[in-house]
Amino acid sequence: MAGMVSTPRARTGTALLLCQPATGSSIFGEEVTAMAQFRSDLVQTLVSRGFLHQCTNLEALDAKTAAGPITGYIGFDATADSLHVGSLVQIMMLRWMQKTGHRPIALMGGGTTKIGDPSGKDESRSLLDDATIAANIASIQKVFNRFLTFGSKDAILANNAEWLDGLQYIPFLRDVGKHFTINRMLTMDSVKLRLEREQPLTFLEFNYMILQGYDFVELFKRYGCTLQLGGSDQWGNIIQGVDLGRRIVEAELFGFTCPLITTASGAKMGKTAAGAVWLKAERLAPYDYYQFWRNTEDGDVGRFLKLFTDFSLDEITRLEALQGADINEAKKVLALAATTLLHGEAAANDAAETARRTFEQGGIGDDLPTVNINASDLKTGIAAWDLFVRAGLAPSNGESRRLIRGGGAKINDQKCDDENAVVTTAAVTDGVIKLSAGKKRHAIVKISS
């Protein structure tokens with residue numbers, strides 16, 4: 001964006017901002033440490049809970065949100081029928097907007113999904129048809145319903161296909177495209193990284209940032225929306241929208257991004273050996289979701305309680321101060337709270353009880369992941385490594401063999417360290433076989449006739 005630069009100079013992990021408004025005067029942001037400096041409940045909440053990475057003008061945003069309710073949005077493309085836990089930080093920011101008296105918009109990319117966001121991708125996304133995109137949006141909406149209250153005076157669920165599908169190409173280029181320069185677009189990370197890696201970037205994808213910038217303008221016109229939030233990978237696209245709003249409708253718009261969430265060990269949050277941590281129960285059972293949070297690293301407990309629950313900061317301070325074996329109690333609190341937000345109290349309590357019986361009593365819980373095996377297959381025997389793959393406890397045959405060789409595999413709580421072992425009907429107890437990968441991942445093999 002012309003006249004605006006973000007300069008992260010974080011010594012403590014919080015972004016420092018250099019914001020140069022259109023007037024040409026410079027305002028240097030101060031390191032965010034003292035919460036008392038903020039007048040707005042929204043800004044104070046987002047900063048104190050660890051959501052801030054970059055903001056176009058934090059001081060001005062604080063003043064605006066303190067003066068009265070505003071409307072802000074985050075965009076989500078419908079590339080699958082479920083979001084995953086990597087989107088949960090953004091969803092929680094919308095939740096905190098609503099909880100502090102402001103109006104959030106969950107913007108579904110019914111139009112932009114037809115192009116695909118190149119940010120963070122080494123290759124083009126597969127193009128989806130209209131029917132698939134519509135089905136994905138309907139499925140994803142169920143997740144938003146768990147975190148936000150929608151209604152005429154509450155949160156808004158919008159779809160950018162409403163305005164993008166009807167755009168006329170030549171008028172759009174004349175009215176909007178003229179505000180984007182190729183020079184600047186080539187400096188954007190979403191473009192630059194793809195080109196540096198000598199991976200193709202289609203002209204279709206190159207237009208994504210223009211359409212996202214136009215979304216901000218359209219939402220301002222329709223709903224008075226003045227704030228766009230998103231992940232740090234969206235910073236370039238967001239400030240393009242802020243600048244476009246200033247140029248086209250002379251609006252003071254704001255951009256706010258959250259950091260990329262990594263674990264204490266440096267891994268990308270939400271990536272596991274079993275794959276993505278989906279927010280749809282049909283893709284990832286509530287028990288597995290509970291276990292994902294229950295397995296949080298010790299050093300992440302306090303941070304994740306701030307980001308992914310509604311607990312007060314005082315309560316979080318108490319929980320993250322627990323030491324030794326007691327930290328496991330804080331992990332259970334985190335897992336129960338996060339699972340309750342997404343799947344409801346009943347499913348969360350069932351998951352917690354299943355975990356308690358499985359780990360504290362050594363029994364078999366009702367809600368463990370299950371795989372059905374025909375009894376006739378067991379008569380001749382099934383390779384143990386094959387069974388662990390079928391149960392989802394290993395992503396490949398090779399990984400399953402390594403799990404067994406390494407001593408991490410158990411069948412009915414008995415170690416299985418022979419990669420050539422064969423499982424037969426002799427392993428069946430009460431119609432099932434219990435499989436374990438390490439101490440925390442379990443599955444049930446149900447035998448059908």
Only one of these is open to solvent by 20 Å² or more (accessible area, probe 1.4 Å) and not acidic (Asp, Glu): ILE137, ILE105, ILE91. Name it.
ILE137
Tally time: how many residues in segment 73-109 are in contact with a strand residue (DSSP E or B) (Cβ under 8 Å, 6 or more places away or on another chain), more than 13 Å from GLN141 (Cα to Cα) and part of a loop (DSSP other than H, G, I, E, B)?
1
Selected residue [open to solvent by 30 Å² or more (accessible area, probe 1.4 Å) and modelled with pLDDT under 90] from THR358, THR370:
THR370
If VAL333 meets every condition in (1) touching a Leu at 6+ places or on another chain (Cβ under 8 Å); (2) farther than 23 Å from ARG146 by Cβ apart from one, which number is that one?
(2)
Spot the failing condition for ASP129; the list is (1) touching a strand residue (DSSP E or B) at 6+ places or on another chain (Cβ under 9 Å); (2) modelled with pLDDT under 95, and only one is missed.
(1)
ARG283 - would you say it is surrounded by fewer than 20 Cβ atoms within 10 Å (Cβ to Cβ) and in a helix (DSSP H, G or I)?
no
Just to be sure I understand, how many residues within segment 287-344 are in a loop (DSSP other than H, G, I, E, B), under 25 Å from ALA276 (Cα atoms) and not small (Gly, Ala, Ser)?
5
With the condition being of a type in the set (Val, Ile, Thr), open to solvent by 30 Å² or more (accessible area, probe 1.4 Å) and out of contact with any Cys (no Cβ under 7 Å at 6 or more places or on another chain), I'd like the helices (runs of 4 or more DSSP H) fully within segment 147-189 carrying at least 1 qualifying residues.
169-175, 182-185
Out of (1) open to solvent by 50 Å² or more (accessible area, probe 1.4 Å); (2) modelled with pLDDT under 90; (3) on the phi < 0 side of the Ramachandran plot, the one GLY266 does not meet is (3)
Pull up segment 53-71, narrow it to residues that are among the β-branched types (Val, Ile, Thr) and part of a loop (DSSP other than H, G, I, E, B), then point me to the one that is farthest from ARG103 (Cα to Cα).
THR56
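Results for (1) within 17 Å of ILE74 (Cα to Cα); (2) under 19 Å from the mean Cα position of the chain (by Cα); (3) without any contact (Cβ under 8 Å) to a residue 60 or more places away in the chain, shown as yes or no for each residue.
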| residue | (1), (2), (3) |
| --- | --- |
| GLY231 | yes, yes, no |
| GLY255 | yes, yes, no |
| TRP278 | no, yes, no |
| ARG318 | no, no, yes |
| ASP326 | no, no, yes |
Is one or more of the residues making up segment 363-378 farther than 21 Å from ARG441 by Cβ, in a helix (DSSP H, G or I) and free of Cβ contacts under 8 Å to residues at least 40 places away in the same chain?
yes
Of all residues in segment 132-152 being touching a strand residue (DSSP E or B) at 6+ places or on another chain (Cβ under 8 Å) and touching a residue at least 24 places away in the same chain (Cβ under 8 Å), the one that is farthest from GLY109 (Cα to Cα):
THR149
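The values are calculated or read from the model by the stated rules, or taken from the named source; none is laboratory data. On a predicted model such as this, the values are computed, not experimentally measured, just so you know. FYI the Cβ positions are ideal-geometry reconstructions off the backbone, even for glycines, and counts take in every protein chain you see. These area figures cover heavy atoms from the full protein model, side chains too; ligands, DNA and RNA do not enter into them. Shrake-Rupley method; radii C 1.70, N 1.55, O 1.52, S 1.80 Å.
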